[in-house]
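Notes follow once the structure below has been shown.
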Protein chains: 2
Amino acid sequence: MDTSQLAEWLKKNKTPCENLLKRRFFYSNSFDIYGGAAGLFDYGPPGCALKVQIENLWRQHFIIFDEMLEVSCSCITPYSVLKASGHVDRFTDLMVTDVVNGECYRADKYLEDVIECVMNTLKGKTVTDNVNAKNAALMKLGCDDLEKIRNLVGNMSLEDVEKFIEENKITSPIGNALSKPYPFNLMFETTIGPKSKQKGGINSVVYLRPETAQGIFVNFAKLLESNGGKMPFASAQIGLGFRNEISPRNGLLRVREFLMAEVEYFVHPKNKTHVRYHEFKHVVLSLLPRGTQEKGESTLTKMSVEDAINKGVIANEALGYFLARTSLFLEKCGILPQGLRFRQHMSDEMAHYACDCWDAEILTSYGWIEVVGHADRMAYDLTAHSKATNTQLNASQRYPEPITVEKVVPTYNRSLIGKTFKDKHVKLLAILDNLSQEQANKLEEELSGSGSTVIDAGDGLQFVVTRDMLSFKTVKSVVCEETFTPAVIEPSFGMGRLIFCILEHSYRVRPAQAQQEERTYVAIKPQIAPIKCCLLPLSSKDAFTPLISKVQRQMDIHGLSYKIDSTGASIGKRYARTDEIGIPFAVTVDFQSVNDGTVTIRERDSMQQIRIEADVVSELIADLISGKTTWGDVTKAHPLFTQQEV
Amino acid sequence: MDTSQLAEWLKKNKTPCENLLKRRFFYSNSFDIYGGAAGLFDYGPPGCALKVQIENLWRQHFIIFDEMLEVSCSCITPYSVLKASGHVDRFTDLMVTDVVNGECYRADKYLEDVIECVMNTLKGKTVTDNVNAKNAALMKLGCDDLEKIRNLVGNMSLEDVEKFIEENKITSPIGNALSKPYPFNLMFETTIGPKSKQKGGINSVVYLRPETAQGIFVNFAKLLESNGGKMPFASAQIGLGFRNEISPRNGLLRVREFLMAEVEYFVHPKNKTHVRYHEFKHVVLSLLPRGTQEKGESTLTKMSVEDAINKGVIANEALGYFLARTSLFLEKCGILPQGLRFRQHMSDEMAHYACDCWDAEILTSYGWIEVVGHADRMAYDLTAHSKATNTQLNASQRYPEPITVEKVVPTYNRSLIGKTFKDKHVKLLAILDNLSQEQANKLEEELSGSGSTVIDAGDGLQFVVTRDMLSFKTVKSVVCEETFTPAVIEPSFGMGRLIFCILEHSYRVRPAQAQQEERTYVAIKPQIAPIKCCLLPLSSKDAFTPLISKVQRQMDIHGLSYKIDSTGASIGKRYARTDEIGIPFAVTVDFQSVNDGTVTIRERDSMQQIRIEADVVSELIADLISGKTTWGDVTKAHPLFTQQEV
C-alpha cells in the first residue's frame, strides 16, 4: 500500500474503526451519561492499558536510553510564570462570534469550513447547512484558488482574517453577521488559595499549564546541578496539558485535556550536537521542507539525517538526532512508514518561542495530523524566566584548550567625574561599568575623534563626557570556560493523538468467509498491546479450572497482563473478541490439555496455533512480547495445530 | 526498633532527611525561582523515577494481579457531576478569617495550633507568636483536657466550632477578632469553552476533580459491559486530584495537586466477598478499631484478617481482602511494619459518601498520617448519578438456583376508571403501575377495609378510588437473576504521601569513621529504586570507556536505568553520591577490568563488593532487581572484593 492507497483505506474505514473503538471502550466522551463534555475523553480499559504501554515504551526509548532527567511538575501554574513565558499574551486563537446569538467560532477553522462548503457547491455537492456555501464572492474564485486560500487560512494574521471576512461578506452559518476577529486565550484560568475569594488580586490567578515544558525551564538550575553541572543534557516530562479549545472536534485529535510527553534538550546555542548522533545519522526520513511547501508542492524527500544536515535541510545534528529517534519510536509503535512524514513549519507558522520546527505528521482518516513537534526554542524561555526572576539561568562549558580573549574596559578619572557630575556621578559609573563591547568601542571612537561625547542616562538625564574623564584600554585574559544561556531543542509528543493514530494504523479487516461474516480487529504490536494474553477454557467445565489457574499464576510471575474469558460463547467468537481489543496471544485449555498438560497458543494476526506444555507457555509469551523470539521462529519449532474438538 | 523508638528516630532525623531530599532534588517547591507556590511540588529526577516505579508496582500488585479494569478519565469535571456526587455542597473545610486583615485559616487546624500553643505555655515552653498562647479560658482547662479537645477538633460541627471560638474568646494570632466559621469549598473552579466569557451560565462551570473515583462511577455501565456483565469486578485509576487546601503545609503531606491511585470494587451490597479472599485471609494487620478509640485508647490490636472478620472488627471479606493487599503492598514499598497501622474512622469523621472507613496510617516525623483510605461507599455514588441522569446504573447477578418470588400487581377496571376520571385517568394508571410492594399492600388493605381510598397525585390532584375500580392479586414468578445497585469498596492511595513515607522510612545514617564523616543515604528497595545502577570508571582515563560502553549497552537491553558518574571525584565520594539518591548497585571499571574484563559490583546497604565478568553483570543486576536472586546469595557464590587500586 502506498501513501495514497493508505489515505483511501483510512477514509473508507473511518466509521467502522471508530465504531469498534467506542464499542470496545478504547475511549469515549467523558461524562456521557451527563450528555458529555466537549473536548474531554476518557480511556476505557483497552485504551488506558495501551496508553500505559506507550508511556513505558516512550520512557524506555527516550528517557532511559539517553539518561534524561525525568521530572514531574505541577499542572497549576502561577500567572507570573506564564506571563514571562509569553503564554498570557500570545497563547491565543483568533475567534469570531455570531453577533446575534453569541455562538463562538475559531476563525481559521471556521473559514476553512466555509471554503470547503463553497468548493463542494462548485463541485455540485450541495448537502450543507451553512448559508455561506453559496457565497458569491468565494464562488467566483473557483476551486483551485479556494484550495490555495484554504491552506493559508491557518497562518493568517488578525488583520488578514478581518479583511477576508469583510471583503467576502462571510456570515455565521445561519446568516448572522460575525464580530471582528479577536484573540481568545486558550488557557484555563482559576484561582488558588482562600484569599482570592475574599480580596481578589493578580497573585492568586493561576492557569492549568498549556505545555509541560515550563516546569522544566523553571527548574533548569536544579537540573543542571543534578547533572553535575555537565552540558549538554536533556530533561523530560510525561504529564497533562490543558487547552480551552474554541471548537474541539475530531475525536482524540483536538481536545481540551491531553497527555503530553516532552523532552527539553539543553545544548550550547552555537554547537547543537548530540553525543549519540553518529549512531542514528543513517536513519532515512520522509521530509517535507519549508522550501518545497513554499513552491506549493507536497512531494516528500527521502534522505538520511546525515544527508539532510549536509544539504542544509535540517539545521543541526541535535535536531536531526531527535527526528531520527522519533521516527524509530513511531515505527516501534506500529505507525506505517508510508503514513509518516516530517514537515517543517513555514516561517509564519511557528509558536512564539520557536525559530525552527519540524512536525512528525501521521496520515489519518482526517488527513495528515501533527503528532510530534520538534521545535528549536533557542534560549527564548530560559532568557524570559531569567529576566522575570532576576536569576541566572546559565550553564558553563570548559573550552578544550583555554583561550585568550581581548576585552575593552574603561578607565576613569574618578575625581574629575565626581567633581563634574556631583551626586549624579554614581549613575554614570554604573552605565560605564555595564557597557557592551560594541558600546565601548563606539564611545572610544567618539572620544578619540571629537574629544567628547554625550551619554544618555534616560529620564532626560544626559552626561557630556570628555577625553580627560575617560579612556578605554584593551585587556587580554585567559579563559577556561564559557558561560552561556543554553538553547533548547524540544521534541513534544501528543500522546492522545499518537494513540489514535496507532489504532487507525492497526485496524484490520478479515474478509467474510463461508460460515463467518467479516470481522475487524486491531493488530497492535505485542510490545504495546493493552493486554498480552487471553486465557480461554474451552467450555465452562470445572475440569479446565486447575490448568487455567496454573497458567494464571505463571503469568503473574512474568508480570504479564491477561484476561480470562470463560463465557459460554464459542471459541471462535471468543477469539474474535480478544482480537477486537488487540490481544496478541490466546492460550486455550481444551480436552487434550486435561489429559496431557498441553495447551494451545494462537497468534492474533496469522490466526495460527501451536500446542505446547502449559508449564512453558508464559515464558514463551514473555519472549514473544519482549521480542526475544518471533511467531515465525515459534512455528518453525512447533507444528501448527489446527482445531480444538468441542 | 519498636514503634516509639521509630517515632523518635524519625523526629530526630526530620531535618537532615528533608535536607538530603531537597539537596538531591527528590522534590522541591514548584516555581521556586518565582518565590514558590504554596502547596505545589515538583518531583526532580530521583523523586520522579521513584514515583514511576511505585506506579508500576501498584499497577502490578493491584490492577494486573486482580484483572482490574484500568481507566484514565478527565480531571476537568462538569458542575452537574460534582453536584450530584455531593462535592459541590459538601466537599468543604470550615474556614475562619481575621476580620481586620482578611487572613484565612482552616478552622480545625487553627484551633489545634492554638490548643498546642496553650499546652506549651502550661508546660513552661513560651516560644510562640500566637496571642492565644495565654488564653485564660483554655489555660484553665489544663493539659489533659486540652489534649482530648485537640483530638476532637477535626470532627467538630460548624456550630461547635463557632461556640468554641466564642466561649473561649479565641482571636487571630495577632489578636484580631475572627469571623464566624463558614464552609469553604476545596475544589478549584474554572470555566470551559469560549461561550462562558460572553454569556456566563452554570453549564460551563467546571471543577478540577477532587478524587479520581467519579470518573469510574459515571462510566460504570460501560465498565460492566467491558467485563462481560459479570459481577463483582474492580476498576482502577491512577491520576491527579486537586484540592484548594486553605493552609497547605508539611511538605508533600498536605498539597493542592497530588497523584492518587484508586480502586473501586463493585460488589453485591449484601454479599461483600472477594474471589481471592482465601489466599490472603491469614495476613496479620495492626488494627486500631473505632471501639478502642472511643475509649480514648490507642493500643494496636494485631490479628489476622480472618479473625478480625469473625470478631466483627472488620465488616466484610471484601474490605478485609483489600486491607490485606494494601498491607502487603506497603511492605513491598519498604514501609516498616512497626510504622504501619490501620485505623477505623470514627462515625462522625467519615466523608459524606462513606459508611465505614479504615485508613492505612504510616508513622512519619509529623506523627501518624493517613496514606491509604479504605472506604465502604455503599451504593451512594451510583445511586446519586443514576438519579441525576435518569440512567440505570445497575448490575444483575444470576441466583445459584432460580427462585420463586411473590409480587402483588394491580388489576384495573379500565373502562370505569376512564369514565370516572376522564382525561386525568392516564395519570392515575401511571401511579398504579409504579407502586412499590409496600404501597400496593397498603392500598389493598384500605380497599378491602373501607372499600375506597384516596390517591394523592400531587399538585392538588386527588383520586377517590373504589373497590370496583381496582384490586390486587399476588403473582408468583420464577426469577433467575437479581438486579441491584452495586456497593463500592474503595482503596484510595495518596501517592505523594506514600513517596514521602517511603523516603522517611528508607533514610539511613552511616556513623562517622576514622577518615570519613557521617554519611546519610536512602535505602530504597531495589525493585522501586529510582535508578538501578551507577556505572563508574575509576578515573577519567580513556582506557575505561570501551568497557563502560559495553556494560551500558547491556543495561539498555535489560531495560535497566543507569547513571554514569565519570566525574573526577574519588570513588568513595561517588559511592556516597549514588547512595544519596538510593541507587542500589554500582558497577566500577578499574585497572584490573582493562586487563581481564571483570568489573566490581557494590551493594549500597552492605557496601560489600564482588568482582565478576563484565558480560554477565547486567543480567545479575536484573535478577537482583526482580528478586530472582538476593545479595546474600551473590556473596555466597562470589568472594568479597575489598578495594580498588587507585
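Values quoted throughout were computed directly from the atomic coordinates according to the rules given, and no laboratory measurement underlies them. Computed from a prediction, not measured in an experiment: that's the story for all the values here. All Cβ positions, glycine included, derive from the backbone under ideal geometry; neighbour counts span all protein chains shown.
Between copies, how close do the A:ASP468 label points come, placed 7 Å along Cα→Cβ, listed in nm from shortest?
Here the equivalent label points are 13.3 nm apart from this one.
For chain A, find the longest principal axis of its Cα atoms and tell me its angle to the long axis of helix A:545-557, 0 to 90°, nearest 10.
That helix lies at roughly 20 degrees to the long axis.
Between the label point of A:GLU619 and that of the same position in each other copy, find the distances and list them shortest first in nm, with every label point placed 7 Å from Cα along the Cα-to-C-beta direction.
Once sorted, the set of distances for A:GLU619 reads 1.3 nm.
Could you tell me which residue out of B:PHE500, A:ILE502, A:GLN344 lies farthest along the dipole of the protein assembly as shown toward its positive end? Charges go on the beta carbon: Lys and Arg +1, Asp and Glu -1, centred on the Cα centre.
A:GLN344
Show which lysines lie in cross-link reach of A:LYS476 when reach means a straight Cα distance below 21 angstrom and same-chain residues fewer than eight apart are skipped.
Leaving aside lysines fewer than 8 places away in the same chain, those within reach of A:LYS476 are A:LYS407, A:LYS442.
Given the -39500 (n - 2.57) contribution per DSSP H run of 4+ residues, what per-residue ellipticity at 222 nm results for chain B, rounded to the nearest 500 deg cm²/dmol?
After summing the helix terms and dividing by residue count, I get -10500 deg cm²/dmol.
Can you give the angle from 0 to 90° between the axis of helix A:571-580 and the longest principal axis of chain A, with both taken from C-alpha atoms, to the nearest 10?
Roughly 10 degrees between the two axes.
Name the nearest-to-axis residue of chain A, judged by Cβ distance to the rotation axis taking chain A onto chain B, and quote that distance in whole Å.
Per the A/B rotation axis, the closest residue of A reads A:THR190, 2.
Beyond 50 Å, what share of the Cα-Cα pairs of chain B remains, rounded to the nearest whole percent?
Roughly 28 percent, once rounded to a whole number.
Mind checking which lysines have their C-alpha under 16 Å from B:LYS427, skipping anything on the same chain fewer than 8 residues away?
Straight-distance partners of B:LYS427: B:LYS419.
Which parts of the range B:483-526 would a label at B:GLN397 reach, counting a residue when its backbone N lies under 13 Å from a point 7 Å out along Cα-to-Cβ?
Within reach of a label on B:GLN397: B:483-489.
Normalised by the residues of the range B:333-382, what does the relative contact order come to in percent, with Cα pairs under 8 Å and at least six apart?
33 percent
Specify which residue in the list A:GLY142, A:SER450, A:THR588 is farthest towards the positive end of the charge dipole of chain A, using unit charges on the beta carbon of Lys, Arg (+1) and Asp, Glu (-1), about the Cα centre.
It is A:THR588.
Beyond a 26 Å Cα-Cα separation, which of these cross-linked pairs lie in this structure: B:LYS12/B:LYS525; B:LYS272/B:LYS525; A:LYS532/A:LYS573; A:LYS272/A:LYS473; A:LYS22/A:LYS573?
Details: B:LYS12/B:LYS525 23 Å; B:LYS272/B:LYS525 34 Å; A:LYS532/A:LYS573 18 Å; A:LYS272/A:LYS473 35 Å; A:LYS22/A:LYS573 19 Å.
Over 26 Å apart, Cα to Cα: B:LYS272/B:LYS525; A:LYS272/A:LYS473.
So what is log10(I(q)/I(0)) for the range A:86-142 at q = 0.14, 0.20, 0.22, 0.27 1/Å, when the Debye sum runs over its Cα atoms only?
-0.49, -0.79, -0.88, -1.07
For B:ASN441, what charge total do you get from the other residues with a beta carbon under 13 Å from its beta carbon, if Lys and Arg give +1 and Asp and Glu give -1? Show your work: numbers first, answer last.
Values: positive: B:LYS407, B:LYS442, B:LYS473; negative: B:GLU406, B:GLU438, B:GLU444, B:GLU445, B:GLU446.
Residues close to B:ASN441 contribute a combined charge of -2.
Taking Rh as the Kirkwood radius computed over C-alpha pairs, what is the Stokes-Einstein D of the range A:306-356 at 4 °C in a medium of viscosity 1.567 mPa s, expressed in µm² per second?
104 µm²/s
If I stretch the segment between A:GLU166 and A:LYS125 completely, what's the gain in nm (0.36 nm per residue apart, minus their alpha carbon distance), one decimal?
12.2 nm
Quick one: compute the contact order of the range B:394-517, relative version, from alpha carbon pairs under 8 angstrom and 6+ residues apart, as a percent.
Relative contact order for the range B:394-517 comes out at 41 percent.
What fraction of the Cα pairs in the protein assembly as shown, stated in percent, has a spacing above 49 angstrom?
41 percent
Where a Cα-Cα gap under 18 Å defines reach, which lysines qualify for A:LYS270, not counting those fewer than 8 residues away within the same chain?
Hits, sequence-local ones excluded: A:LYS230.
State to the nearest 20 debye the size of the charge dipole of chain A about its Cα centre, where the only charges are +1 on K and R beta carbons and -1 on D and E beta carbons.
Here the size comes out at about 740 debye.
How would you rank B:LEU20, A:LEU429, B:LEU340, going from fewest to most other Cβ atoms within 10 Å of each one's own Cβ?
Lowest count first: A:LEU429, B:LEU20, B:LEU340.
Taking the Cα centre of the protein assembly as shown as the origin, how large is its charge dipole in debye, to the nearest 20, when only Lys and Arg (+1) and Asp and Glu (-1) carry charge on their Cβ atoms?
Result for the protein assembly as shown is approximately 320 debye, rounded to the nearest 20.
Arranged from highest to lowest average of other beta-carbon atoms within 10 Å per residue, in what order do the peptides B:545-552, B:151-158 appear?
Final packing ranking: B:545-552, B:151-158.
Averaged across B:50-57, how many Cβ atoms of other chains sit within 10 Å of each residue's Cβ atom?
The mean count of partner-chain Cβ atoms within 10 Å per residue comes to 2.
5 Å is the cut-off here: which amide hydrogens, built 1.01 Å from N in the peptide plane, fall below it relative to B:LEU285, excluding neighbours closer than 5 in sequence?
Sorted by chain and number, the residues that satisfy this are B:MET303, B:SER304, B:VAL305.
Put a label point 7 Å from Cα along the Cβ direction on A:ASP145, then list its distances to the equivalent points in the other copies in nm, shortest first.
9.2
Sort A:ILE528, A:ILE431 so the one with the fewest other Cβ atoms within 10 Å of its own Cβ comes first.
Fewest to most other Cβ atoms nearby, the residues stand as A:ILE431, A:ILE528.
Fewest Cβ neighbours within 10 Å first, please rank B:GLU211, B:GLU306 accordingly.
B:GLU306, B:GLU211
With unit charges on the beta carbon (Lys/Arg positive, Asp/Glu negative), name the residue among A:THR485, B:ASN13, A:VAL96 whose Cα is farthest towards the positive pole of the charge dipole of the protein assembly as shown.
My answer, from the dipole projection, is A:VAL96.
On average, how many beta carbons from a partner chain sit within 10 Å of the beta carbon of a residue in A:35-44?
6
Take peptide B:58-66, look around each residue's Cβ out to 10 angstrom, count Cβ atoms belonging to other protein chains, and average those counts.
3
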